[in-house]
Amino acid sequence: LSDEESKRRLFNRLLYRSKQRGYLELDLVLGRWVEEHIHSMDENGIKALVNVLDLENPDLWKWLTGQEQPPDAVCQNPVFCELRDKIVNNLNSHATPETRALLGQPWVRGWDDIKKNPGAPIVGNQ
């Protein structure tokens, strides 16, 4: 294969991995970000992207949305930092404080949490 063909295949594979994670929120956010940035990435950027794509969905989502503090190694990843900044800016621009969690606190409760935990306090978007 030519270098150009190998590069195209790699980009397609990474784009697919970013859009087909099985976690809708990440599929949308991560997929769009990768689509916009992958062609301008150098080798180090691609390696950083692969490291982000190798993270587990629940952890990655909590770290990107500020629900939990990510490990230091993840915080030093430039792709993760750019992605988190984009998500946090979008949340700050489009989400009301009542629907956001403080750092280290669970995010908004789902619509059916009352059914699952009838005695639990009502918080979030209910």
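The values are calculated or read from the model by the stated rules, or taken from the named source; none is laboratory data. As the structure is a prediction and not an experimental result, all values here were calculated from the model. When we count neighbours, we look across all protein chains shown, and the Cβ atoms used for this are built from the backbone with ideal geometry, even at glycine. The area values use the complete protein model at the heavy-atom level, side chains included, leaving out ligands, DNA and RNA. Shrake-Rupley method; radii C 1.70, N 1.55, O 1.52, S 1.80 Å.
Accessible surface comparison of Arg17, Arg8, Arg84, probe 1.4 Å, protein chains only, largest first: the order is Arg8, Arg17, Arg84. Report the net charge of residues surrounding Val34, where surrounding means a beta-carbon distance below 10 angstrom and charges are Lys +1, Arg +1, Asp -1, Glu -1. Once all neighbours under 10 Å are counted, the net charge is +1.
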